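For reference, the structure is listed below as structure tokens.
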Amino acid sequence: MARSVLGRRFKRGETIGDRYQVVKVLGEGGAGCVYRCKDLKKEGDDVAVKLLEDAGEAARFRREARVMNRTRSPHVVKLLDRGFHDKQFPYLAMEFMDGGSVRDLLDRRGKLPIEEACWLLVQTIGGLKATSSVHRDLKPENLLLSKGNKGRGYTLVPGDVEDGVTVKVSDFGLAKSRDAESVSLTHSGQVMGTPVYMSPEQCRNTKRVSVKTDIYALGVILYEMVCGKPPFDANNIYDIMAMHCNDEPKLGRVPSEVRGICERCLRKEPGKRFTSLAALERDLKVVAGLRKAGAKDDDDGEGGGFGIWVVIAIVVLAGLLYAGWYYRERASWLDAIFP
């Protein structure tokens, strides 16, 4: 499909949508550019503003906005605002993550201790489960970090969501609903995703993917975090994709504590990988020291069994409160008519 560039770039000091003053460029992608901005309506709070530059990517831009708008999770980047600059350039304003990305973290540290790597992915899975979608482009660049409090810098503290580094999933432009009836945004012949992190089935056909594709990508990320480099890499995308489809990863490089997890995530056949994100999450929690091996969780599914019971309890309570209010009001009304 021909690229139709909207052609608007912003310099430091310029304002997007009469509200967001540009500080610097954070990154550039196929669809557009992301800027760090000051929110002039909120005392100069930092925000990240993504501006669409390729009109051909408008559908993905809308998809990203929908996924973020419907998701409430401490591990998914928040959508704060959306609109148009000069009534023609679409933008999304999101919370600014001051810790950069996992890619930045790996660039600084080379590789991570296994407990920190597993805790990072536990948080990531929490975000993915909340979206009820297949991300299809999981990679270190799309896992964003907040700086930890209490002087802990960029250290991930397993189980600490208050003062330790928080991980949030971003960039849902390729996200696909887990509903089998959903319409794919993929165009025939295009490579959708980042080849280093793509599953064999995604390399062959981007439309026919499931949550098992995200599980494979998480295995690649885990391998890279604990080994310092991904399992497959080459000089061009086609060789990388061929390696995903045909070569076995060198698991001897992987620390023994997470070797079994990587092996199961990176199986060529989707049916031989972890059965769900929750199943992978359980094993990661064991290595991170957050649960005992063999212990049962309340939540064995993707949506949170405990959460369902909480929702049911809230609905029942609301019904009882409404019934009490209704009968009190009705009694007052009857008393007024029939004194």
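Among the residues of the stretch 101-137, how many are part of a helix (DSSP H, G or I) and over 27 Å from Glu64 (Cβ atoms)?
Result for the stretch 101-137: 6.
On the basis of being under 25 Å from Pro255 (Cα atoms), hydrophobic (A, V, I, L, M, F, W, C), out of contact with any Leu (no Cβ under 8 Å at 6 or more places or on another chain) and crowded, with 24+ Cβ neighbours inside 10 Å, does Met225 make the cut?
Criteria not met by Met225.
I'd like to check something: does the stretch 7-16 contain any residue that is assigned to a loop (DSSP other than H, G, I, E, B), at pLDDT 80 or above and buried (at least 19 other Cβ atoms within 10 Å of the Cβ)?
Checking the stretch 7-16: at least one residue is assigned to a loop (DSSP other than H, G, I, E, B), at pLDDT 80 or above and buried (at least 19 other Cβ atoms within 10 Å of the Cβ).
Residue check: is Lys147 in contact with a Phe, Trp or Tyr (Cβ under 9 Å, 6 or more places away or on another chain), at pLDDT below 90 and not assigned by TED's automatic domain parsing to the domain that holds Val25?
Working: in contact with a Phe, Trp or Tyr (Cβ under 9 Å, 6 or more places away or on another chain): yes; at pLDDT below 90: yes; not assigned by TED's automatic domain parsing to the domain that holds Val25: yes.
Yes; evaluated as a whole, the condition is true for this residue.
Residues of the stretch 159-169 being crowded, with 19+ Cβ neighbours inside 10 Å and at pLDDT 85 or above, which ones? Talk me through it step by step, then tell me what you get.
The initial filter retains those residues of the stretch 159-169 that are crowded, with 19+ Cβ neighbours inside 10 Å, namely 164-169.
Within the stretch 159-169, Val165, Thr166, Val167, Lys168, Val169 meet the criteria.
Starting from the stretch 18-44, keep only residues that are among the polar types (S, T, N, Q), then list their pairs with residues that are at pLDDT 90 or above whose Cβ atoms are within a distance under 9 Å, requiring at least 6 positions of separation or different chains.
Short answer, once both residue conditions are applied: Gln21/Arg12; Gln21/Gly13; Gln21/Glu14; Gln21/Thr15; Gln21/Cys37; Gln21/Lys38; Gln21/Asp39; Gln21/Leu40.
Yes/no matrix, rows are residues, columns are (1) surrounded by fewer than 16 Cβ atoms within 10 Å (Cβ to Cβ); (2) within 17 Å of Leu120 (Cα to Cα); (3) of a type in the set (Asp, Glu):
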{"site": "Gly260", "(1), (2), (3)": "yes, no, no"}
{"site": "Glu263", "(1), (2), (3)": "no, no, yes"}
{"site": "Lys268", "(1), (2), (3)": "yes, no, no"}
{"site": "Ser276", "(1), (2), (3)": "no, no, no"}
{"site": "Leu280", "(1), (2), (3)": "no, yes, no"}
{"site": "Ala288", "(1), (2), (3)": "no, yes, no"}
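Which members of the stretch 234-277 meet the condition of being assigned to a loop (DSSP other than H, G, I, E, B) and touching a helix residue (DSSP H, G or I) at 6+ places or on another chain (Cβ under 6 Å)? Before the answer, list the steps.
If we filter the stretch 234-277 for residues that are assigned to a loop (DSSP other than H, G, I, E, B), which is where we start, we get 234-236, 247-250, 254-255, 266-269, 273-276.
Selection gives Ala234, Val254, Pro255, Leu266, Lys268, Arg273, Phe274.
Search the stretch 47-73 for residues being under 20 Å from Gly100 (Cα atoms) and of a type in the set (Gly, Ala, Ser), and hand back the single one that is surrounded by the fewest Cβ atoms within 10 Å (Cβ to Cβ).
Within the stretch 47-73, the first condition is being under 20 Å from Gly100 (Cα atoms), and the residues that meet it are 47-51, 64, 68, 73.
From the residues that got through so far, the ones that are of a type in the set (Gly, Ala, Ser) too are 48, 73.
Details: Ala48: 21, Ser73: 17.
So the residue we want is Ser73.
Checking Gly17 against (1) within 20 Å of the chain's Cα centre (by Cα); (2) under 14 Å from Met94 (Cβ atoms): exactly one of these is not met. Which one?
Only one criterion in (1) within 20 Å of the chain's Cα centre (by Cα); (2) under 14 Å from Met94 (Cβ atoms) is unmet by Gly17, namely (1).
The values are calculated or read from the model by the stated rules, or taken from the named source; none is laboratory data. Just so it is clear, the structure is predicted and the values come from calculations on it, not from any experiment. In this analysis, Cβ positions are derived from the backbone assuming ideal geometry, glycine residues included, and neighbour counts consider all displayed protein chains.
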